[in-house]
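Read the structure below first, then the notes.
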Amino acid sequence: MRFTYVTLFPQLVEGYFQDSILKRALQSALFSYDFCDPRDYAANKHNKVDDTAAGGGAGMVMMPQPLYDALSRFDNATIIFPTPVGKPFTQNDAKRLAKKKHIVFVSGRYEGIDERVVERFADELFSIGDYVLTGGELPSLVMSDAIARNIDGVLGNRDSLLTESFETSLLEAPSFTKPAIYDGLTTPSEFLKGNHNKITALKFALSTAKTQYFRPGQLIQHNKRTTYEK
């Protein structure tokens with residue numbers, strides 16, 4: 001897997017890969033990343049990449065020429081534009097995209113990107129939430145992190161993927177570790193007794209309760225699906 005970040009600020013992205021799981025995955029050549037700066041493709045002497053918005057309005061818009069020339073060099077890549085108007089990015093998208101060989105993330109800045117660039121090059125548009133950020137670098141990192149975790153070998157124990165939130169229609173059960181009592185709060189006793197059937201049943205109950213509290217609509221859909229499957 002190769003990630004390419006089309007961005008005016010590569011330093012905002014690069015630091016994320018310098019530690020922990022993703023650093024080890026890079027060192028093991030499980031994926032790679034590189035950058036493409038639209039300024040390098042600007043056809044003007046000042047390397048200008050933005051202009052005023054047609055029709056008026058506050059702020060500047062990334063103009064088409066530098067991005068057209070930059071994105072035209074990518075063959076057989078999946079080009080993704082992070083945008084608040086895109087469809088919500090989900091775990092299923094992360095798993096699906098982890099099978100791709102090359103993903104290009106295009107990070108907008110200012111008041112956005114000339115829509116003609118999106119129409120010409122976008123394979124997928126994704127949103128990571130109903131809010132507006134300064135640029136597309138953070139959404140690109142969020143998505144690439146989620147995707148990378150689903151590449152074979154990136155996680156030390158692939159079985160850990162099976163129990164995470166959004167792998168099923170229920171949220172992941174709460175996690176606990178040692179000591180059994182801390183600050184007057186206890187780890188559920190069943191977790192300490194080694195009876196795996198009871199542990200599984202308790203985790204399911206806690207998972208259901210957590211989903212009921214944080215995502216009640218999701219639990220309703222889970223119950224409907226379970227009833228239908230029966």
Please state the charge dipole magnitude for the chain, taken about the Cα centre, from unit charges on C-beta atoms (+1 on K and R, -1 on D and E), reported in debye and rounded to the nearest 20. 920 debye
With just the Cα atoms of region 1-108, tell me how far they stretch along each of the three principal axes, in Å, largest first. 46, 31, 27
How long are the semi-axes of the equivalent ellipsoid of the chain, defined as square roots of 5 times the Cα gyration tensor eigenvalues? Whole Å, largest first. 41, 21, 17
Run through the DSSP bridge list for the chain and note the antiparallel percent, rounded to the nearest 5. 20 percent
What are the membrane-span-like helices in the chain by this rule: whole DSSP H runs, Cα extent along the axis at least 24 Å, mean Kyte-Doolittle hydropathy at least -0.5? 196-214
What whole-number volume per residue, in cubic angstrom, does the convex hull of the C-alpha atoms of region 50-145 give? 96 Å³
Share of Cα-Cα pairs in region 168-229 beyond 13 Å, whole percent, is 66 percent
Suppose only helical runs count, i.e. DSSP H with n ≥ 4. What mean residue ellipticity at 222 nm does that imply for the chain under -39500 (n - 2.57) per run, divided by all residues and rounded to the nearest 500 deg cm²/dmol? -10000 deg cm²/dmol
Which residue, Ile181, Pro10, Ala201, has the largest displacement toward the positive end of the dipole of the chain when charges sit on each Cβ (Lys, Arg +1; Asp, Glu -1)? Ala201
Report D for region 39-86 in µm² per second (integer): Stokes-Einstein, Kirkwood Rh on Cα pairs, 20 °C, 1.002 mPa s. 170 µm²/s
For a protection proxy built on the mean count of beta-carbon atoms within 10 angstrom, sort 105-114, 77-86 highest first, please. 105-114, 77-86
Once the dipole of region 2-148 is set up from charges on Cβ (+1 Lys and Arg, -1 Asp and Glu), the residue from the list Tyr33, Leu133, Ala53 lying farthest towards its positive end is Tyr33
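Read-outs throughout are calculated quantities, based only on the coordinates presented, and are distinct from any laboratory measurement. The structure presented is a predicted model; accordingly, all values stated were derived computationally and were not measured. Neighbour counts run over all protein chains shown; Cβ positions are idealised from the backbone, glycine included.
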